[in-house]
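> One structure, as structure tokens, below. Some questions next.
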């Protein structure tokens, strides 16, 4: 089969800026992008310049970006990489281009050197004994091949070159965990200085990593946890957030009446559980669900809460809003303070299990951050705490998608004329939910046109506690994301994560205040759907 | 001009190990055409051999290696290799290598072909990667000067002594002279001279090619190791450790054919397994009649595969679409390792040339003789890398910088950039790789070797007319590929000619017209000297200390 490659070319002796050239080659099922590059160099154009060596994914030479994501060319199958008729091949980002696909990796290698990457102690043979469990832990990071893919796709590095970057942190963690080393607390202190809390846990690095290193959970969050154990983390701003959770059950303070308090006449007891209950339609509900709002939607984005309830009512879903729902625990997890989260996690699991006992097993979240915490962290924590898990977690959009697939989604939408781009939140992705789910759903609304580009993985700056500790960095990320969307031809983003929305709205306001208005809009997934159903509220 | 006490060329395991050792007391620079972390030592998978258990015996490691070498290995060198193994493994452990462990915390060991005891220390199936990265960490710790992505063009010789090199800074496109009291090659193998190889693109035998053109004889170059299990058709390495963990080889009839060839079955040494495989395929029992067989791991179970052979699982899945926990892996013999190379003594010195050293795969000590045992190459790289490094630092302390001659031989290579011929590098290279595979592969005979030699010489002639259209200076990889081809052509001639001369079958060198080992005539090392237009041969006796040659049975 003929395939087309669009390759970024740049010869510093001739060109002022990189440009693209398109090549057509024959490819088979197992042809890799590297095979394709070699074929072009051998048969068509010997000036095409790229690095390669082992061709088996272990040397790390051939890292490039294919369709906007860093990968090893030797491990990437050409046939799987065709997007809109061609394969886009570009050099790694965040590094100076030397020629064509070759970048200057020196700054990247220097980040490795910065963490004193060697065993510091000269142990005796007895001290060097390590057990299979130690090795398993070390192997989580020992497989790093230092190809630079993570460095390329790191959102933070694009706006802050003082950040160490993923590979350096991976290397740091490799030594923190090594029983033969004795500098753990110094290494963690250094990791904090070099930006361990600058990571918005967007996991772009992890998606690019050809060695499948769990950079977010196994490295960044583990380092934060170690820091908390040594009492040198989290940062003061995070401690304030944690205090707010301990005092009020949420990271954002209560300023206006929380969504959950706005429907007192609907309050009732459901088998001993105090809840707010919504069933405003006639006849039997299609299903009963429990809605978990999360502190941001409950306290800051109450309209979104009402919108979700409205969407569900239009689909004949009865909504149980338990009043005792409390912080999901994410702030503890993200800042490394696992030890303090048990009461919160236990309380939520207890509520969910109580509903499940009485036949309401579906728990819907409105916040993607809570969803990701419930899905990833709760199962393990439940085991640690000796609790059973009898319920199922859904993101609200995901639940709507299930309705759509089973032909049960009410598609009686009003036309909404708009052209926008869906901003795919990292927390949604972390829950294992694909972008396509939401794109499919959104495109059901008549008149609404999405302009999607291949996952460019841009970050809103709102995750991982970055906004608390490094607000300027978070703002830079948010504004950068919107600027790039504008370059891509849209003047709005459509998203379903309360962190993204907060971040973007703050970015817009900052630019307005500075007299450099962005002329950019942010649309909340839930509010637009609710509007498409013809109403915005949940009724009195 | 750049000046150092010593320059080490090659950033793999042997080169880095030597640099760290020599760098303790001397001003050493490490020069490598790829960044040291990209070196092919990375791709070593299965393990590094060492007697650690009290039930294992040093004597047994020595004997296994001697027997594996088909009695061509020098036994004094093999004794050094095996007896220095434990301290080297302990040192690697101290350096931070993440070896897999037993439940009691000691270093785990697995079975490997030709070893009579499970003595392969491993880090899952990424042993080379684990050691290489730890060595790089030591390189940083010891602040060794590195010239990454610099390509050596020639040795500068004066009056029988080595006084530096010319090298091309790939990134800038500039050629420099680096003066040094001593030069060491650690440039690895030449697998890309063959069509099917486990080796990286970078394995082009640069050190051997350059040394040969500078007048250094190359030893035992006819001994080319095929690895039994290269992933079909690319040749990517599927570690012998997969067989060490219980993997079996199957022909088209579903038969475990190794039972007809060796009691040791799949864990016979590589030369034995490869001949059996090629015979099966030649007799039509390749899968579907094609040139490959199956390596079956399915009975090992997914859990153990994922713990001990995760990379194999990924390679098979990625490059052949095979989930090896469910289906057998298609494999074919692939060129893997060069037993021959630059002849050196136990301290890595090239005899007869002052200030020239070599270690690792590009050297020939000889510890592998006619066939290397698995896991002995990583061991050789650290043991003899360290020894060479020590000697290097001793040597430069007393040596003086030599004066530079007027010409240095680099011009002929640099001229490629300006040449206006009509021969293309890929054409010549692909032809060479086919010739080497067909005429100088697993089974050889006089007629084929003569044809091969003629074909290689024709290619050398055509190379004089080489042309690259890339005239840029910055990162001109077309130029580097041409220079690499030059080296491949130099050593291919030596491989084929040495194979033609050796009229016997020993280890990896199998002559169908001389099917037996002939100790009376050929228990000796081949030395191929470049003389004007061709080669001449001389021989060196094999050092035999305790084990007299006997019939080799597995």
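The values are calculated or read from the model by the stated rules, or taken from the named source; none is laboratory data. Everything numeric here is computed off the predicted structure, so don't read it as measured data. Heads up, the Cβs are rebuilt from the backbone with ideal geometry, glycines too, and the neighbour counts pull from every protein chain shown.
> Quick one: would you say residue B:99 is touching a strand residue (DSSP E or B) at 6+ places or on another chain (Cβ under 7 Å), at negative phi and free of Cβ contacts under 8 Å to residues at least 40 places away in the same chain?
yes
> Follow-up. Can you tell me which of A:42, A:80 is in contact with a helix residue (DSSP H, G or I) (Cβ under 7 Å, 6 or more places away or on another chain) and within 12 Å of chain B (Cβ to nearest Cβ)?
Exactly one of A:42, A:80 is in contact with a helix residue (DSSP H, G or I) (Cβ under 7 Å, 6 or more places away or on another chain) and within 12 Å of chain B (Cβ to nearest Cβ), namely A:42.
> Please verify whether the stretch A:205-226 includes one or more residues that are touching a strand residue (DSSP E or B) at 6+ places or on another chain (Cβ under 6 Å) and either in the same structural domain as residue A:159 (by TED's automatic domain parsing) or in contact (Cβ under 8 Å) with a residue 12 or more places away in the chain (or both).
Yes - at least one qualifying residue is present in the stretch A:205-226.
> Take residue A:87 and tell me if it is facing another protein chain (nearest Cβ under 10 Å) and in a strand (DSSP E or B).
no
> If we scan the stretch A:25-34, do we find a residue that is part of a strand (DSSP E or B), more than 9 Å from chain B (Cβ to nearest Cβ) and more than 29 Å from the chain's Cα centre (by Cα)?
The answer is yes, given that some residue of the stretch A:25-34 is part of a strand (DSSP E or B), more than 9 Å from chain B (Cβ to nearest Cβ) and more than 29 Å from the chain's Cα centre (by Cα).
> From the set of residues in the stretch A:45-70 that are surrounded by 24 or more Cβ atoms within 10 Å (Cβ to Cβ) and in a strand (DSSP E or B), which is nearest to the other protein chains (Cβ to nearest Cβ)?
Of everything passing the filter in the stretch A:45-70, A:63 is nearest to the other protein chains (Cβ to nearest Cβ).
> Separate question: Which of the residues spanning the stretch B:114-142 are farther than 18 Å from residue A:59 by Cα and either more than 10 Å from chain A (Cβ to nearest Cβ) or touching a residue at least 40 places away in the same chain (Cβ under 8 Å) (or both)?
Correct list: B:114, B:115, B:116, B:117, B:118, B:119, B:120, B:121, B:122, B:138, B:142.
> Okay, next question. Among the numbered conditions (1) surrounded by 16 or more Cβ atoms within 10 Å (Cβ to Cβ); (2) out of contact with any strand residue (DSSP E or B) (no Cβ under 7 Å at 6 or more places or on another chain); (3) not in a helix (DSSP H, G or I), tell me where residue B:471 comes up short.
(1)
> Test of understanding: among B:209, B:173, which residue is more than 17 Å from residue B:44 (Cα to Cα) and surrounded by fewer than 22 Cβ atoms within 10 Å (Cβ to Cβ)?
B:173
> Taking the condition closer than 27 Å to residue B:279 by Cβ and not in a helix (DSSP H, G or I), does residue B:373 pass?
Yes, satisfied.
> Restricting attention to the stretch A:150-172, does a residue exist that is in a helix (DSSP H, G or I), within 14 Å of chain B (Cβ to nearest Cβ), touching a helix residue (DSSP H, G or I) at 6+ places or on another chain (Cβ under 9 Å) and touching a residue at least 60 places away in the same chain (Cβ under 8 Å)?
No, because not a single residue in the stretch A:150-172 is in a helix (DSSP H, G or I), within 14 Å of chain B (Cβ to nearest Cβ), touching a helix residue (DSSP H, G or I) at 6+ places or on another chain (Cβ under 9 Å) and touching a residue at least 60 places away in the same chain (Cβ under 8 Å).
> What are the residues in the stretch B:15-47 that are away from chain A (no Cβ under 14 Å), part of a helix (DSSP H, G or I) and buried (at least 24 other Cβ atoms within 10 Å of the Cβ), if any?
Across the stretch B:15-47, the qualifying residues are B:15, B:17, B:18, B:19, B:22.
> Can you tell me which condition residue A:213 does not meet? The list is (1) modelled with pLDDT under 95; (2) surrounded by 15 or more Cβ atoms within 10 Å (Cβ to Cβ), and all the others hold.
All conditions pass for residue A:213, except number (1).
> Going by the structure shown, is residue B:245 more than 29 Å from residue A:31 (Cα to Cα), at pLDDT below 95 and either crowded, with 20+ Cβ neighbours inside 10 Å or not assigned by TED's automatic domain parsing to the domain that holds residue B:493 (or both)?
Yes; evaluated as a whole, the condition is true for this residue.
> Is it the case that the stretch B:524-541 has a residue that's part of a loop (DSSP other than H, G, I, E, B), touching a helix residue (DSSP H, G or I) at 6+ places or on another chain (Cβ under 8 Å) and either free of Cβ contacts under 8 Å to residues at least 24 places away in the same chain or crowded, with 19+ Cβ neighbours inside 10 Å (or both)?
No; the residues of the stretch B:524-541 include none that is part of a loop (DSSP other than H, G, I, E, B), touching a helix residue (DSSP H, G or I) at 6+ places or on another chain (Cβ under 8 Å) and either free of Cβ contacts under 8 Å to residues at least 24 places away in the same chain or crowded, with 19+ Cβ neighbours inside 10 Å (or both).
> Let me ask something else. Please determine, by comparing only the residues of the stretch B:50-64 that are crowded, with 22+ Cβ neighbours inside 10 Å and touching a strand residue (DSSP E or B) at 6+ places or on another chain (Cβ under 8 Å), which one is farthest from residue B:383 (Cα to Cα).
B:61
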